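All remarks here apply to the structure that follows.
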Amino acid sequence: MEHAPHTEARTNLLDLDEPGMSSWFSSMGERPFRARQVLKWMFHHQETRFDKMTDLGLDLRDRLSDCAEITMPEVLREQQSDDGTVKWLLGLSGGNAVETVFIPEKTRGTLCVSSQVGCALNCTFCSTGTQGFNRNLSTGEIIGQVLQAARLLGHERNGKRRITNVVMMGMGEPLLNFDALVPALNLMRDDLGFGLAAKRVTVSTAGLVPGIRKLRDAVDVALAVSLHAPVDELRTELVPLNRKYPIAELMQACRDYVSGKKKRTVTFEYTLMHEVNDHPGHARQLVKLLRSVPSKLNLIPFNPFPGTRYRCSSSERINRFQEIVMAGGLIATVRKTRGEDIDAACGQLVGKVRDRTRRSRAHRERLEAQST
Ligand code: SAH
């Protein structure tokens with residue numbers, strides 16, 4: 001008998017975590033434990049061809065080739081920084097692209113992963129915001145960034161893993177893409193996936209309070225919050241989302257996030273901008289604010305981009321700021337800027353956004369007005 005031509009779209013197995021894939025196999029009348037076998041092939045062997053999955057029967061391999069696929073974002077461009085940082089532009093459907101960055105250090109390798117094409121939040125100091133927003137990434141497009149990077153880097157070379165940490169600090173607000181994010185986080189954590197410990201997978205948010213609360217119940221990962229100001233008026237200016245979820249509410253959500261979890265802290269990111277949020281007075285207000293939350297403070301020197309009205313704080317001001325918060329009892333590090341020569345530093349990821357908002361046009365017009 002001839003096979004009827006296949007008309008339905010294939011299921012991308014990268015969109016499914018272990019529970020999702022088990023039910024998918026059940027719905028096909030297959031045994032659910034097939035999910036474990038396939039996941040191991042995908043993530044431990046980085047195998048995307050079903051005919052190579054030799055512990056599955058030939059019939060099943062054929063069936064999978066018919067109705068499923070393992071498709072990850074394709075690499076459009078790779079850039080290597082002098083400091084070892086690598087940035088990839090990864091192509092997605094609809095002419096969009098996102099950026100993913102690998103940052104090697106002595107004792108760890110961190111992959112910075114995107115969650116949306118562009119970003120809807122419009123933080124005034126972030127260049128991703130100037131590009132507007134197109135859409136959420138699918139689970140497969142989120143975890144596919146990790147799998148693609150693992151393949152390109154030769155993840156398990158000589159028994160040593162290259163990607164030891166994943167941070168959701170690329171383009172987009174991860175908690176505004178909650179439903180696709182959680183299965184991707186599950187796959188980062190799951191031993192059948194990348195097997196990363198909870199403290200090695202970080203979700204960074206601009207402060208979406210309901211998302212923080214939902215995340216705590218969904219999956220065990222570390223939380224980072226982009227704070228950038230110790231008081232509401234200034235924070236609302238920098239992170240407009242603060243109008244909806246002001247600092248007091250945000251701090252309560254952070255306390256609740258780590259409560260009952262031993263040795264867990266929230267990382268607060270604070271981008272230092274000259275004469276905006278880098279006064280000694282801000283540092284003292286920050287000490288008061290963060291005393292009540294088990295936390296670490298990550299000070300990020302502002303990375304300029306075309307058209308921005310902000311400047312980076314001087315190293316004297318950064319050092320002074322750090323001294324004050326540390327004297328106040330906070331644990332504070334200054335983030336070393338990496339990959340600057342390839343525009344891979346914080347807030348510099350731009351990708352290719354087919355903007356659905358008017359924001360990218362407004363930004364272009366501002367730039368043109370400035371240059372004339
Ligand atoms: N939307 C999430 C994930 C993005 S993480 C969030 O806001 O946390 C990217 C981090 O870099 C955030 O802390 C962001 O505030 C910071 N950032 C953005 N633009 C920057 C810039 N130009 N210079 C330095 N840090 C920046």
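Here are the numbers for this structure:
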read-out	value
Yes/no for D190 being without any contact (Cβ under 8 Å) to a residue 24 or more places away in the chain, assigned by TED's automatic domain parsing to the domain that holds T85 and away from the ligand (no atom under 16 Å from the Cβ)	no
Residue satisfying all of: in segment 334-357; in contact (Cβ under 8 Å) with a residue 40 or more places away in the chain and not in a loop (DSSP other than H, G, I, E, B); farthest from the ligand (Cβ to nearest atom) among these	K352
Set T107, T124, T130, T71: member being of a type outside the set (K, R) and touching a His at 6+ places or on another chain (Cβ under 6 Å)	T130
Tabulated pairs, segment 8-22, first in contact (Cβ under 8 Å) with a residue 12 or more places away in the chain and assigned to a strand (DSSP E or B), second surrounded by fewer than 17 Cβ atoms within 10 Å (Cβ to Cβ) and of a type outside the set (S, T, N, Q), C-beta under 9 angstrom, 6+ apart or interchain	T11/C67; T11/E69; N12/E69
Filtered residues of segment 204-230 (kept if under 15 Å from V166 (Cα atoms), part of a strand (DSSP E or B) and either more than 15 Å from the chain's Cα centre (by Cα) or of a type in the set (A, V, I, L, M) (or both))	A222, L223, A224
Which numbered condition R189 fails, given (1) under 30 Å from R291 (Cβ atoms); (2) touching a Leu at 6+ places or on another chain (Cβ under 9 Å); (3) of a type in the set (K, R); (4) buried (at least 19 other Cβ atoms within 10 Å of the Cβ)	(1)
Complete set of residues in segment 231-243 that are more than 14 Å from the ligand (Cβ to nearest atom) and either assigned to a loop (DSSP other than H, G, I, E, B) or at pLDDT below 95 (or both)	V231
Filtered residues of segment 245-260 (kept if assigned to a loop (DSSP other than H, G, I, E, B) and touching a residue at least 24 places away in the same chain (Cβ under 8 Å))	Y245
Residues of segment 289-312 satisfying the condition of being in contact (Cβ under 8 Å) with a residue 40 or more places away in the chain, closer than 20 Å to T333 by Cβ and more than 11 Å from the ligand (Cβ to nearest atom)	L289, L290, V293, S295
Selection count where residues are within 20 Å of T85 (Cα to Cα) and away from the ligand (no atom under 12 Å from the Cβ), scope segment 103-131	9
Condition met for R264 (more than 16 Å from the ligand (Cβ to nearest atom), assigned by TED's automatic domain parsing to the domain that holds R200 and not in a helix (DSSP H, G or I))	yes
Some residue of segment 139-147 being within 22 Å of K244 (Cβ to Cβ) and either within 13 Å of the ligand (Cβ to nearest atom) or not aliphatic (A, V, I, L, M) (or both)	no
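The values are calculated or read from the model by the stated rules, or taken from the named source; none is laboratory data. If you're wondering where the values come from, they're calculated on a predicted model, not measured in any experiment. FYI the Cβ positions are ideal-geometry reconstructions off the backbone, even for glycines, and counts take in every protein chain you see.
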